[in-house]
Every structure is written in structure tokens, then in C-alpha cells.
Amino acid sequence: MKLKIAVLPGDGIGPEISEQGVAVMNAVCEKFGHEVSYQYALCGADAIDKVGDPFPEETFKVCMDADAVLFSAVGDPKFDNDPTAKVRPEQGLLAMRKKLGLFANIRPVETFDCLIHKSPLKDELVRGADFICIRELTGGMYFGEKYQDDEKAYDTNAYTRPEIERILKVAYEYAMRRRKHLTVVDKANVLASSRLWRQVAKEMAPQYPEVETDYMFVDNAAMRMIQDPKFFDVMVTENTFGDILTDEGSCITGSMGLLPSASTGEHTPVFEPIHGSWPQAKGLNIANPLAQILSVAMLFEYFNLKEEGALIRKAVNASLDANVRTPEIQVEGGERYGTTEVGQWIVDYIKKA
Ligand code: IPM
Ligand code: MN
């Protein structure tokens, strides 16, 4: 297969983990005989500094022209601490989502046995938890009408039927490929937008008779994720609820630094780690590249290249088992490995496989 990849390294540790993602991608393509080419483009604070826009038109063109985007991270404290800043790196992320029509954000919540002890939950509660959160990504409060003056402010949580239908369709398709259990998360006891979500879901459910659909209020879902994360298989929800629940989901596994994600929709899909740009670690060669490397696995799987994805997952598990780990998950007394060493170990494993 021929693959044209747009690479957006972004800020902080972004460029370092991006390099390892690309190295793994090259190794896999070489092994399986795929032809891959890369086009690098600016985004985030880096793009603001260089061209004054966190998602420049040129970057948009590069993304549109590619088969997939390999994204790393954006964000820089100099903007977080400046409330007067007119442009922010995060706006680049939102612009990318909107312009590429990335309405479905797929965030797997899975555990790695060797990291269970890092979970804030009891071992028996979290071991074996494995679900996917599907977050609607281009609607709701993030993009609805906004107003702000010194006395009053609001954000509008608007959703249309087609927006709800298309994300539910994605969720049902995932559920069909998994354990056939879908939980629709909303706040239908209070919000009109949630009532429309629930109405549309109830209309669609009979089209998927094999899937057990249940409906859960978001407050209850937040609690259930902690009390009984194994209850969930596929969860689908609106933008804001999904933002909050996926942070909760990633942290209960103890493996936040290892979780990748995919955003798909109308145009080029984007694959990225769930974690942020960790500016304090920039240049120190300590950032864990595994979430980025696993986003490369998700990229291959998106194109139905299952063996390629499986080999990356196998290599990642082998690196963890061999204790080739970055400092934050290193077992005491183990050898020190940095970002590049972990990446290189995985590349070598793939070459030898
Ligand atoms: C995420 C992030 C973004 C979001 C921010 C950086 C705008 O938290 O991808 O979850 O809230 O969507
Ligand atoms: Mn978030």
C-alpha cells in the first residue's frame, strides 16, 4: 500500500515522540512492503511563533492532501499563563477538528498488566477493564454560539439530528465488532440536547438488534467508571461529557502515557496520543513514546492493515515485559531508558520479527 502521512509534531515533547512514531512507521512499512512518504507541517505554539496561526492554511492543505495525520501534542505554558493572549495553541487543535470534519474521537481505555499497580483503583476492579469511549468532537458547547461580557457569559450546547445519527452509527459499528454492548451517556433528565440524543438513539437501536443498548446519565457514568469499569464495552457521548470522561478513563487504567486515540470523520483521519505536550520534559529524552507508537498501530488498523497494527502492539508489550521503559514506569533498580532508546528497541524488535 502507498501511504502519504502528514506529520504534525507540535510543541513540548511532541517532536521527540513524533520522531519515534515515524521510526516505527518506517520499520513496519519496510517489513510489509508499504511505500510511505511524509510531509511535515506546523501546528500549535510552534506555528503561532513562526507564522502567527496555530493551524495555518498550509498545514490544513498538507493534512487534506494526506491519507492520515500523525499528530503529537500542542500547548505551551506561556499561553496558559497569559489570559490576554489573542491566539492559543489549543485553538489550532479545535480548528483542525472542525476543518477536517473529525466528528468521531475514538479513545480506547485499556489496561496493561504491568501497570495496574499505577492505577488509583484496586487491582481487582481495574484488571481486565477494556472499553472504548467514542466522543463527538465537532459539536456541542465547544462550537456552539458563545457570548461573554463582564456580567454575563454563555456557551450553547447545540446538536442536530444528523450530527447525532452519524456519531451513533460509528458507535454501533464499534459495538458490533466488540462485545456488542453500547452505553449512551447523556443528561437527558435535565438537558434538551441530551433528550434529542436519547430519542435518536432509541430510534436507531432496533437497527442493531444484536447490540445491547443502555442509557446512562453522565454523573452516574462517571461514578460507574470508578466502581465497575469492566461494565463498559463501548460508550458514546457528546463533546464536553466525552472530554471529561475520557480523562477519567485514561487515568483509571494507570497507563495514561500509553493511550493512543483516533479522530475520524469527513476528511483525513488523525492519530494522536491522549496525553499533552508536557513542556517541562521537552528535550530531556524522558517522555514515553508508547502512546504515539500505539497511535501508529491505530493508523494501520484504520486502513485494515491488521497484522501491521498487531506487530506494533506485540513490540510494545515486549518492551514493557523486557523492562525497557521510560522513567515514569520504570521498575525500581532497572536500567534507564529514554525516549529514543525505547523507540529504537521497538524498531529493532519489529525488524527482527
Ligand atoms: C482533549 C483536550 C482538548 C479538548 C483541549 C486541549 C482543547 O483536552 O483533546 O481532550 O478539550 O478537547
Ligand atoms: Mn481533554
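Here's a check for you: in segment 67-92, which residue that is crowded, with 22+ Cβ neighbours inside 10 Å and aliphatic (A, V, I, L, M) is farthest from ligand 1 (Cβ to nearest atom)?
Among residues in segment 67-92 that are crowded, with 22+ Cβ neighbours inside 10 Å and aliphatic (A, V, I, L, M), the one farthest from ligand 1 (Cβ to nearest atom) is A68.
Only strands (runs of 3 or more DSSP E) wholly contained in segment 1-79 count here; list those with 3 or more residues that are among the hydroxyl-bearing types (S, T, Y) and on the phi < 0 side of the Ramachandran plot.
Correct list: 35-40.
Quickly run through segment 205-214 and pick out the residues that are surrounded by fewer than 16 Cβ atoms within 10 Å (Cβ to Cβ) and more than 24 Å from T111 (Cβ to Cβ).
Result: P206, Q207, P209, E210.
A quick yes/no check of all residues on (1) in a helix (DSSP H, G or I); (2) hydroxyl-bearing (S, T, Y); (3) open to solvent by less than 10 Å² (accessible area, probe 1.4 Å):
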residue: M216; (1), (2), (3): no, no, no
residue: K230; (1), (2), (3): yes, no, no
residue: G242; (1), (2), (3): yes, no, yes
residue: E248; (1), (2), (3): yes, no, no
residue: G254; (1), (2), (3): no, no, no
residue: G283; (1), (2), (3): no, no, no
residue: N317; (1), (2), (3): yes, no, no
residue: L320; (1), (2), (3): yes, no, yes
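Yes or no, residue by residue, for (1) within 10 Å of ligand 2 (Cβ to nearest atom); (2) touching a Ser or Thr at 6+ places or on another chain (Cβ under 7 Å):
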position: M235; (1), (2): no, yes
position: G249; (1), (2): no, no
position: T264; (1), (2): no, no
position: F271; (1), (2): no, yes
position: I274; (1), (2): yes, yes
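When the residues of segment 7-39 are filtered to those that are surrounded by fewer than 24 Cβ atoms within 10 Å (Cβ to Cβ) and among the aliphatic types (A, V, I, L, M), which remaining residue is farthest from F55 (Cα to Cα)?
A27
For residues that are under 13 Å from V69 (Cα atoms) and polar (S, T, N, Q), scanning just segment 242-282, find the one that is farthest from ligand 1 (Cβ to nearest atom).
Once the filter is applied, the top-ranked residue is T268.
Working only within segment 330-353, note down all residues that are buried (at least 19 other Cβ atoms within 10 Å of the Cβ) and closer than 19 Å to G283 by Cα.
Scanning segment 330-353 gives Y337, T339, V342, G343.
Return yes or no: is T240 within 16 Å of ligand 2 (Cβ to nearest atom), in contact with a Gly (Cβ under 9 Å, 6 or more places away or on another chain) and modelled with pLDDT of 95 or more?
yes
The rows are residues; the columns are (1) modelled with pLDDT of 95 or more; (2) surrounded by fewer than 16 Cβ atoms within 10 Å (Cβ to Cβ); (3) not charged (D, E, K, R).
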{"position": "Y147", "(1), (2), (3)": "yes, yes, yes"}
{"position": "D155", "(1), (2), (3)": "yes, yes, no"}
{"position": "K169", "(1), (2), (3)": "yes, yes, no"}
{"position": "E173", "(1), (2), (3)": "yes, yes, no"}
{"position": "M176", "(1), (2), (3)": "yes, yes, yes"}
{"position": "V190", "(1), (2), (3)": "yes, yes, yes"}
{"position": "S193", "(1), (2), (3)": "yes, no, yes"}
{"position": "E203", "(1), (2), (3)": "yes, yes, no"}
{"position": "D219", "(1), (2), (3)": "yes, yes, no"}
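The values are calculated or read from the model by the stated rules, or taken from the named source; none is laboratory data. Since this is a predicted model, take the numbers as computed values, not measurements. With ideal geometry, Cβ positions are generated from the backbone for all residues, glycine too; neighbour counts draw on all protein chains shown. These area figures cover heavy atoms from the full protein model, side chains too; ligands, DNA and RNA do not enter into them. Shrake-Rupley method; radii C 1.70, N 1.55, O 1.52, S 1.80 Å.
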